[in-house]
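Only the coordinates and a few stated rules stand behind these numbers; no lab work does. Keep in mind it's a predicted model, so treat the numbers as computed, not measured. Here the Cβ positions follow ideal geometry from the backbone for every residue, glycine too, while neighbour counts run over all protein chains shown.
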Amino acid sequence: MSIADNFHRVTQRISASALACGRNPGGVRLVAVGKTHSAERIKEAAMAGALIFGENYIQEALEKYETLADFGLVWHFIGHLQTNKARFAVKMFDLIHTVGSLRLAAELDRQAEKISKNQGILIQVNIAREGSKSGVDPDDAPELVRQVSQFSHLSIRGLMAIPPFFDDPEKVRPYFAALRSLRDHIRNQNIHNVEMHELSMGMTGDFEVAISEGATLVRIGTAIFGERA
């Protein structure tokens, strides 16, 4: 199957999953994850209709960003972001999914101010409290949102999580449901400068379950590009 065929198959599955749970398919956006894949393969996906591309590494993303500058693509950062790379991130990415600390948020705000940008971000939640994963503890997430909401050059748009991996996607459902509940809890607090519209959750192996639990952004790489290069 070509990248174009894979992309269309994935979009069909997204639409079917949304309709199956009574959602508008337009409320779920596909983030095509290009980690380790070449700019040429990203271009193939773009030609097939992909618009949003997720990248995990700043240096790799920078090369693709420059190569594909004329394609009008939307770039999301979905990897672990070090504070010393924040200045690059705010120049390239429309949305940064992985803000899990006040320190990183403060640096992003400082760098965004330098270029007069309002930077969209998601708060990353370590939903399963795994030692190997980044993100704020679920219990601490509301307070982090309140603190970050004070920054004038950041716009919090929702939450992101990377739950534990299971061969059975149904086993991931409780984590997706927990992130949705946390999002709703924070949204009900009506914090100034906080939208809480987005839920970034679900990948190749479990995105259909994530959609049924309210995902608005699904991060899919393997089902589109194949195994990592």
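Could you list Asp206, Asp94 in order of exposure, starting from the residue whose Cβ has the fewest other Cβ atoms within 10 Å?
With the fewest neighbours first, Asp206, Asp94 line up as Asp94, Asp206.
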Worksheet item: So how do Phe93, Phe165 line up by other beta-carbon neighbours within 10 Å, fewest first?
Response: Phe165, Phe93
Response to the item:
Dipole check, the chain, charges on Cβ (K,R +1; D,E -1), about Cα centroid: among Ala89, Gly49, His192 the Cα furthest to the positive pole belongs to His192
Fill in: Charge dipole (debye, nearest 20) of the stretch 3-225; +1 at Cβ of Lys and Arg, -1 at Cβ of Asp and Glu
280
Item to complete: Work out how far the C-alpha atoms of the stretch 94-229 reach from end to end along every principal axis, then list the three figures in whole Å, largest first.
Response: 42, 35, 26
Practice prompt. Quick one: what are the phi-derived ³J(HN,Hα) couplings along the stretch 155-160, Karplus 6.51/-1.76/1.60 with θ = phi - 60°, whole Hz, x for glycine and proline?
Written response: 10, 7, 10, x, 10, 9
Discussion item. Quick check on the exposure proxy: order Met92, Met201, Met1, Met196 from fewest to most C-beta atoms within 10 angstrom.
Written reply: Met1, Met92, Met196, Met201
Response to the item:
So the FRET efficiency between Thr36 and Glu170, C-beta based with R0 = 35 Å and rounded to 0.05, is 0.75
Item to complete: Would you tally the net charge around Asn118, using a Cβ to Cβ cut-off of less than 14 Å, leaving Asn118 out, and scoring K and R as +1, D and E as -1?
Response: +1
Discussion item. Explain nothing, just the number: dipole magnitude of the stretch 1-59 about its Cα centre with +1 on each Lys and Arg Cβ and -1 on each Asp and Glu Cβ, in debye rounded to the nearest 20.
Written reply: 180
Fill in: Distance (nanometres) between label positions extended 7 Å along Cα→Cβ at Glu227 and Glu130
2.1
Worksheet item: What net charge is computed for the residues neighbouring Gly72, neighbours being all others with C-beta under 13 Å from the C-beta of Gly72, Lys and Arg scored +1, Asp and Glu -1?
Response: -1
Worksheet item: Around Glu198, which amide H atoms from residues at least 5 apart in sequence, or from another chain, sit under 5 Å from its own amide H, with H modelled in the peptide plane?
Response: Gly158, Leu159
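Just subtract the alpha-carbon distance of His197 and Gln150 from 0.36 nm times their residue separation and send over the number in nm, one decimal.
Numbers: separation 47, 0.36 × 47 = 16.92 nm, distance 1.83 nm.
So the chain would gain 15.1 nm between His197 and Gln150.
How high is the FRET efficiency from Arg103 to Cys21, r the C-beta distance, R0 35 Å, rounded to 0.05?
Plugging the Cβ-Cβ distance into 1/(1 + (r/R0)^6) gives 0.40.
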Item to complete: Using the Karplus curve 6.51 cos²θ - 1.76 cosθ + 1.60 with θ = phi - 60°, work out ³J(HN,Hα) for each residue of the stretch 86-101 in order, rounded to whole Hz, and write x for Gly and Pro.
Response: 4, 5, 6, 4, 6, 7, 9, 9, 6, 9, 10, 7, 10, 9, x, 8
